[in-house]
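One structure is given below, encoded as C-alpha cells.
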Amino acid sequence: MRELKLMKGNEAIAHAAIRCGADGYFGYPITPQSEVMETLMAERPWESTGMVVLQAESEIASINMVYGGAGCGKRVLTSSSSPGVSLMQEGLTYLAGSELPCVIVNVVRGGPGLGTIQPAQSDYFQSVKGGGHGDYKLITLAPASVQEMADFVELSFDLAFKYRNPVMILSDGAIGQMMEKVELDEFKPRWTDEYIEQNHKWATMGKKKGDERSVITSVQLDASVQEDFNHKLQAKYREVEENEVRFEKIMCDDADYIFVAYGSSARICQKSIEIARAKGIKVGMLRPITLYPFPVKELQELAKQVKGMLSVELSAGQMVEDVRLAVNGKVPVEHYGRFGGIMHSPGEVVEALEQKIIGE
Amino acid sequence: MTEEIIIAGFGGQGVLSMGKILAYSGVMQEMEVSWMPSYGPEMRGGTANVTVILSDKRISSPILHEFDTAIILNQQSMDKFEEQVKPGGTLIYDGNGISHHPTRKDITIFRVDATEEAARMRSIKTFNMIVLGGLLKVKPVVKMENVIEGLKKSLPERHHHLIPMNEKAITRGMEIVNTVEV
C-alpha cells in the first residue's frame, strides 16, 4: 500500500529520497527549494535508514561532496535553485566527465543573476545543452506535479546508475511550493557495500588483493585517449536518446494545433486546452517528461498532422529552439511565455495561440 | 464539481493555514486538491494569498487568474481580486479595514465580520476559522466532519486540544455571514 499525503513538491523530493534508500544529501539553502533540506532535517533519516544529510558551506562544496559520495558508488543527491545551480556547473561537468551517477534537483526561479524567487523555466538551456564546459549531457526530467516530484527521485537514481551519468530534475518554484495529494512508496533499504561491490565495480571501495584499481578521474593528458573517451560518452548519449525518451500526449488525436510545454507550464496549458476547446479550437499538447533526451520523433510525427505548434515556457524562448529543430520547418513553431517570475494565465496562452499560430 | 478559490489578506492572518485546512478537508472527502501559495518577500507584513482548488477530477492548472470564489480579508486584496471573480461567482469579505466596498452586480457578495467576532470571542487566532465558517455556509464544498478531520491532519498533535475551539469558531462564522446587496 502506498501512503496518501498532502504536501509540497519540495517536501515530496525529501520523502522520496529517504524512502528510495538514498545514502546522502548535501545542500545549501536557497528559496524556493529550502523545504527539501528542512524536511530531511526534520525527518532525521540518519537515525532510521542511516542516510546522511548535511548542510554544506556552499553550493560548490555540496556538489563536490556529491562527487565524493558518487565515487564510492553511493546514491547521493543535492538540490538548489538557479543561482546555486550555476555555482555547481564546474562540479557537474566533472561528474559527467568522470561518469559518476548522482541526482541534482533544480527548483528554478527567475533570472538572470540573483533574479527573483518566483517560478521560471529559464534554466532549460543550462540543463539540456551542457551548462558546464565540454561535450557532455545531463539526463533531464521535468516533473509537472507533486506526485512526479516524488516518483522521479527513484527513477533519476535508476537512470543515473544505468548510464553512469548525472541526472537533473528540472522543476520550478510553482511545483516546489504547491501542495497536492501524493502517494509515497514504501521504504526500501539502502544498498549494502556488498551490493555496490558486486554491481558497480567502478566504485572506489578500497582495493582488495588481486583486484584492479578503480580510478575515477576526468583528466586525460593524451588527447587521443580523451577523444576515445568522448566517443564512448557520445555512444552512451545515443543509447539514452534511443531508450529513455518520455512524454505525455494530451488530446492530440484530433488536434489541429498543439502546445509543447513541460512542468508547471504544462499544467497551465491543460487549462488552456479546456478554454480553447470550449471555443471550438482543436488543440492538444505534447508534454516532454524528459527534456534530454527530447521527444524528437514524436514531434516529427505530430508535424505531419497539425497546422502549427506553440512552445509555451516561462522563459524568453529556449525549448522552442529544440521544437523547431525537431520539426525542421514542416509547420510554423512559435514561442509564448511570461518570464522573470511572472506566470502566464491559461487565457493568455489561448490568446497567444490565436494570434501567433491560428492567425497566420 | 470543481471549485476554484482564492483566499487573500495580510501575512499573519492565517490565510495559508486556512487554505491548508480547506485542502486537507478536500483530501478527507476523497477530492483532488491543489494549494498554491503566493510566496516571496511580499509576505512579510504585506499581502499573502493562496489558491485552493477542490475537484472531483484531475486538476489542470493550479495557477489561475479568475476564480469561482474570492475570500478577501484586506483592502489591497479587494483592489486586486474583486475583478478576478468569475461572473456569477461569489465574493466573501471581512469589513474590517475596508474603505472601498465591493461594487460588482454580476456576482454574489457576502460579508463575514470575523475580526470583530474574534475579538468578541477573545480568541483572535480563530479569526481564519470564523472566515472558513462563512465560506462553508454559503458554499458547502466540504462536509463539516471532513473539516474536523482536515484540522486533525493539518494541526500538530500537541494542538489537537484546540480543535473544539476551532469548531466553535467555524460554527460562529456560519451564523454571522450575511448577504450584501449592492
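The values are calculated or read from the model by the stated rules, or taken from the named source; none is laboratory data. As the structure is a prediction and not an experimental result, all values here were calculated from the model. A quick note on method: Cβ atoms are made from the backbone with ideal geometry, for glycine too, and the neighbour counts reach across all protein chains shown.
At-a-glance table
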quantity	calculated
Selection count where residues are over 19 Å from A:Cys102 (Cα atoms), in contact (Cβ under 8 Å) with a residue 24 or more places away in the chain and either assigned to a loop (DSSP other than H, G, I, E, B) or aromatic (Phe, Trp, Tyr) (or both), scope segment A:30-48	4
Residue ranges of helices (runs of 4 or more DSSP H) in segment A:146-211 with at least 3 members buried (at least 17 other Cβ atoms within 10 Å of the Cβ), modelled with pLDDT of 95 or more and assigned by TED's automatic domain parsing to the domain that holds A:Gly110	A:146-163, A:173-177
Helices (runs of 4 or more DSSP H) lying entirely in segment B:109-158 (those with 1 or more residues that are more than 14 Å from the chain's Cα centre (by Cα) and of a type outside the set (S, T, N, Q))	B:114-120, B:144-154
Flag if B:Glu167 is surrounded by fewer than 20 Cβ atoms within 10 Å (Cβ to Cβ), part of a helix (DSSP H, G or I) and free of Cβ contacts under 8 Å to residues at least 40 places away in the same chain	yes
Of residues in segment B:1-55 being outside any helix (DSSP H, G or I) and among the charged types (D, E, K, R), the one modelled with the lowest pLDDT	B:Arg44
Single residue of A:Met285, A:Met251 found to be within 14 Å of another protein chain (Cβ to nearest Cβ), within 24 Å of A:Glu148 (Cβ to Cβ) and surrounded by fewer than 21 Cβ atoms within 10 Å (Cβ to Cβ)	A:Met251
Condition met for A:Gly71 (touching a residue at least 60 places away in the same chain (Cβ under 8 Å) and either closer than 19 Å to A:Leu233 by Cβ or outside the structural domain of A:Ile175 (by TED's automatic domain parsing) (or both))	yes
Residue check for B:Leu54: of a type outside the set (Val, Ile, Thr), under 30 Å from A:Gly263 (Cβ atoms) and either surrounded by fewer than 15 Cβ atoms within 10 Å (Cβ to Cβ) or in contact with a helix residue (DSSP H, G or I) (Cβ under 9 Å, 6 or more places away or on another chain) (or both)	yes
Residue selected from segment A:110-124 under the condition under 22 Å from B:Met36 (Cβ atoms) and small (Gly, Ala, Ser), by the criterion farthest from the other protein chains (Cβ to nearest Cβ)	A:Ser122
Residue count, segment A:129-145 (criterion: closer than 23 Å to A:Ile342 by Cα and not in a loop (DSSP other than H, G, I, E, B))	1
Subset of segment A:1-26 (residues that are outside any helix (DSSP H, G or I), at pLDDT 95 or above, away from every other protein chain (no Cβ under 14 Å) and in contact with an Asp or Glu (Cβ under 8 Å, 6 or more places away or on another chain))	A:Cys20
